Amino acid sequence: MNDIVINNPFVVGKYLSDKYFCDRTEETEFLRKQLQNGRDVALISPRRIGKSGLIQHFFNQEDVKEDYYLFFIDIYATTSLAEFVYTLGKEIYAQLKPQSAVWKEKFFQIIASFRVGFKLDPMTGAPSFDLGLGDIQAPQTTLDEIFAYIEEADKPCIIAIDEFQQIGEYAENNVEALLRTKIQKCHRAQFIFSGSKRHIMSNMFNSPAKPFYQSAISMGLEPIPLPIYSEFVISLFKERDKNIESEVIESVWNQYDGYTWFVQMMMNELFALTATNETCKTDMIPKAKYNVVLSQESSYKDLLSNLPPKQKIVLQAIAKEGIARNITSSKFIKKYNLNSASSVQAAVKLLLKNDLLTQIDNGYRVYDFFLSEWLATVY
């Protein structure tokens, strides 16, 4: 993977290799230490600050790839235990494809529930996985089989579950307790529980009333320090015969509070706007921001079309404020022609639940910086 060459080195939304990944050296070592010493990790921090990238980076370390089987699942879109089991089963099989035939054969021997999805390619005779969600008839039974299979692995496993707090939203009431019991009895796997809803994740792992209480070492992520990120950006520009003023990097980093995804998105666009042998300067930032926001406009329109009118109005009001405080005050309500304090509170509660707002500095802001910009200036 280190030999990959791409046109724009500021990768957004995926992990390619160490070359295009900035820092996180201490965090990577922390993960290695905890997992090698048999401790599960609860990775808790806001969305788009780099949790998934850190996990993929850790998985890409040569010793980790050599010593473990590695599985990563994102359960953000799942709504039931059946979907969780389906997602985990598919990921395990996907990672098995390059492995020995023996372990692949065991997959369908032990996970009998998945045999309905076992197919042989008529041309090559190779096994394939052709299972639909509807084929998961008894999720708990299949989950038992998956954990039994993990216990048979010829080397230990690391299973990373992204947006882990989602299990609290499942239709079934006992999923936390069920998973905790399975994980507690599992001796061949360590787990990374990654989540972005900090209050929910903290409650799951720090409340004595919860099944996962003190079952994992908590770990947070802070923004990559500006000096380290600046060095990373300058070196990638120079490699492609381009230059960038340090003031540009500092301005962008500060505008987006160092949140990795947003900063990288801007750097990606600034790199695209800078010609070979030219220098990226601060006067290019507005153009880059406009281009990025415009590229997201279609998805933002779709998002707003599905929002109730009261939530939409409150979201736009908070976007125009930047950071909105005293949102139930008569001054704020009058300024943006809102209905009442109670209706604002109700809208904010739902907007927080759906990750459209976040709390900061005793106030609220639109979580997506680019959405906020679009709402405040374009919409």
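The values are calculated or read from the model by the stated rules, or taken from the named source; none is laboratory data. Treat the numbers as computed from the prediction; the structure is a model and nothing was measured. Glycine also receives a Cβ, built like all others from the backbone with ideal geometry; neighbour counts cover every protein chain displayed. Accessible surface is based on the protein model in full, side chains and every heavy atom, while ligands, DNA and RNA are left aside. Shrake-Rupley method; radii C 1.70, N 1.55, O 1.52, S 1.80 Å.
So here's what we get for this one:
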{"quantity": "Residue check, Glu176 open to solvent by 50 Å² or more (accessible area, probe 1.4 Å) and not polar (S, T, N, Q)", "calculated": "no"}
{"quantity": "Residues of region 15-49 classified as open to solvent by 20 Å² or more (accessible area, probe 1.4 Å), more than 15 Å from Ile217 (Cβ to Cβ), under 16 Å from the mean Cα position of the chain (by Cα) and touching a residue at least 40 places away in the same chain (Cβ under 8 Å), total", "calculated": "3"}
{"quantity": "Pairs with Cβ under 6 Å, 6+ apart, first in region 276-303 and in a loop (DSSP other than H, G, I, E, B), second open to solvent by 80 Å² or more (accessible area, probe 1.4 Å)", "calculated": "Thr276/Asp241; Asn277/Asp241"}
{"quantity": "Residues of region 336-345 that turn out to be assigned to a helix (DSSP H, G or I), surrounded by 12 or more Cβ atoms within 10 Å (Cβ to Cβ) and either of a type in the set (Gly, Ala, Ser) or touching an Asp or Glu at 6+ places or on another chain (Cβ under 9 Å) (or both), as a count", "calculated": "2"}
{"quantity": "Residues satisfying the stated conditions in region 207-259, i.e. farther than 22 Å from Gly50 by Cα, open to solvent by 40 Å² or more (accessible area, probe 1.4 Å) and under 22 Å from the mean Cα position of the chain (by Cα)", "calculated": "none"}
{"quantity": "Any chance Lys353 is farther than 26 Å from His199 by Cβ and open to solvent by 30 Å² or more (accessible area, probe 1.4 Å)", "calculated": "no"}
{"quantity": "Residue list for region 181-206, filter: open to solvent by 60 Å² or more (accessible area, probe 1.4 Å), of a type in the set (S, T, N, Q) and under 22 Å from the mean Cα position of the chain (by Cα)", "calculated": "Asn203, Asn206"}
{"quantity": "Test: Lys320 is open to solvent by 60 Å² or more (accessible area, probe 1.4 Å), within 28 Å of Gln165 (Cβ to Cβ), touching a residue at least 12 places away in the same chain (Cβ under 8 Å) and in contact with a helix residue (DSSP H, G or I) (Cβ under 9 Å, 6 or more places away or on another chain)", "calculated": "no"}
{"quantity": "Single residue of region 260-293 satisfying the filter (open to solvent by less than 70 Å² (accessible area, probe 1.4 Å) and of a type in the set (Ser, Thr, Tyr)) that is modelled with the lowest pLDDT", "calculated": "Thr260"}
{"quantity": "Every pair of residues 6+ apart whose Cβ atoms lie under 7 Å, when the first sits in region 257-274 and is of a type in the set (Asp, Glu) while the second is assigned to a helix (DSSP H, G or I) and open to solvent by less than 10 Å² (accessible area, probe 1.4 Å)", "calculated": "Glu269/Ala288; Glu269/Val292"}
{"quantity": "Residues within region 356-379 that are over 23 Å from the mean Cα position of the chain (by Cα) and open to solvent by 30 Å² or more (accessible area, probe 1.4 Å), tallied", "calculated": "6"}
{"quantity": "Elements of type helices (runs of 4 or more DSSP H) in region 83-200, at least 3 residues being within 26 Å of Asn60 (Cα to Cα) and at pLDDT 85 or above", "calculated": "139-151"}
{"quantity": "Phe72, sole failed condition from (1) closer than 23 Å to Pro211 by Cα; (2) part of a helix (DSSP H, G or I); (3) among the hydrophobic types (A, V, I, L, M, F, W, C); (4) open to solvent by 10 Å² or more (accessible area, probe 1.4 Å)", "calculated": "(2)"}
{"quantity": "Region 147-180, residues that are among the β-branched types (Val, Ile, Thr), within 17 Å of Leu70 (Cα to Cα) and within 24 Å of the chain's Cα centre (by Cα)", "calculated": "Ile158, Ile159, Ile161"}
{"quantity": "Selection status of Asp302, open to solvent by less than 30 Å² (accessible area, probe 1.4 Å), of a type in the set (D, E, K, R) and either over 22 Å from the mean Cα position of the chain (by Cα) or closer than 28 Å to Gly50 by Cβ (or both)", "calculated": "no"}
